[in-house]
Amino acid sequence: MRCRNSPLKRLFKTSTCAEAWGLPHRDLSLTTKHYSTIHQAALFSTLQCRQIWNHPFCVSDILTCRWASAILLFLKIRCSWFNGALRDIINEMHHGRFRIMGGFQRGSSISFGLVVCSLAVSLFVMSCAGLQTKDLVKNPEVAVHDVRFSDITFESIGLMVNLAVKNPNVFGVRVAGYDYDLKVAGNHFLKGEQPLTTSIPAGGDAAVDVPVTMNLADIYKTFSSLAGADDAPYRIDAGVVCELPILGKIRIPVSKEGTFPLLKVPGISVKGIQIRQLGLSGAELVVSGAISNPNSFGFNLQSIRYALEVAGSPWASGLRTERVAVAPKGTSSFSLPISVNYAEIGMGVYNMLTSGRSLEYKLNGDVDLTTTLEMFPKAKIPLDLIGKTIIQK
């Protein structure tokens, strides 16, 4: 299908380029006969191409543009004007208004035109240094828009790198994927890549998110020098792969540096079990414990959900909501008051409480914390303690 008003149609259809593009007659140096011959040769070459823009750029499309450039150069039209004209042609092709179909007309002599156009293409490449492929097809621009931490726990930290991709071309491009190389403390730690099918319209932009998850146990294992550090430097080198007409796939690099906190799990221990009140039907006990903070930020112990077993028997379970503040690099105490009913557990409990023997215990549950670290406001850590203790009177 042909378009009546495409730039290439107007270029070849009119009697002179001056009438088609509004150029002064002094820019033309060919006779009408020579122009007609070149017009015929270029038209035949164009009709030979059958590529439609909906598919990737192919040799036939490139040849079509070269015939047009050859004619324009042979007519001594300035490169700056041709640059705009060729952009119009590519833009028309992109929007589906330019279609190439048909074939050579039988019995037509085009040898002179082909020779002239081939010579003109050679002269164009050598003499018109100002018109490069990059002037017509520009690389998309990629910049780091934002870096934020996400899904933070005492076990891992998520790093989300938001990239802004801008398309400066008059036609759409496609983002085919991205890759990244994460370095921690100057050493390679993680690599990855991800295919994409994001389309960016002409003159538009798009966001590309690069998520990276760092396992803290792997960091401490890989970099022993960071075991006692409070934070670590990182550098992420990423690349966005775009598909462009003529140029094909290109990778546009971008990088970002910063630091991230090295979180460490608080330590929880049981200091002992004391008898507050010992009766004939039950007893009131207190489990004393301590929580230590190895981090450079403080936190508050908000609640403890627990289940206590002693000598293999379940003694008590419950929720303790006592708030306990723990300073950076500090240690604080907590207590869990429990009630023991002999009728529910058995009279053997009374003998355990009064024997003075060392008893094995298990304390399971979880602990809720709120921290002073802005990016890590809340945390939950498991409670899983096993040990032996003598119940104190």
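Values in this text are rule-based calculations from the coordinates and carry no lab data. Everything quoted here is computed from the prediction, not taken from an experiment. Here the Cβ is made from the backbone with ideal geometry for all residues, glycine too, and neighbour counts use every protein chain on show.
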Placed amide H near Leu159: partners under 5 Å, 5+ positions off or other chain:
Ser150, Val212, Thr213, Met214
For the range 267-390, just say rounded, prolate or oblate: build the C-alpha gyration tensor, square-root its eigenvalues into a ≥ b ≥ c, call rounded for a/c under 1.5, and beyond that prolate if a/b exceeds b/c, oblate if not.
prolate
Theoretical gain in end-to-end length, Ile275 to Asp205 [0.36 nm per residue, Cα-Cα removed]
18.3 nm
Relative contact order for the range 249-354, counting Cα pairs under 8 Å that sit 6 or more residues apart, in percent:
26 percent
Packing rank of 154-167, 320-333, where each peptide gets the mean count of other beta carbons within 10 Å, highest leading
154-167, 320-333
Note: Thr370 to Thr259 extended length (0.36 nm per residue) minus current alpha-carbon separation gives 37.7 nm
Percent breakdown of C-alpha pair distances by 10 Å bin, ordered from the shortest bin, for the range 261-314
16, 41, 26, 13, 4, 0
Report the Cα-based extents of the range 141-261 along its three principal axes, largest first, to the nearest Å.
54, 22, 19
Give me the dipole magnitude in Debye, nearest 20, for the range 141-261 about the Cα centre, with unit charges on the beta carbon: positive for Lys and Arg, negative for Asp and Glu.
320 debye
Measure up Lys329/Lys362; Lys264/Lys388; Lys191/Lys221; Lys183/Lys221; Lys221/Lys362; Lys329/Lys380 against 24 Å on the Cα-Cα distance and list the ones that go over.
Lys329/Lys362; Lys264/Lys388; Lys221/Lys362
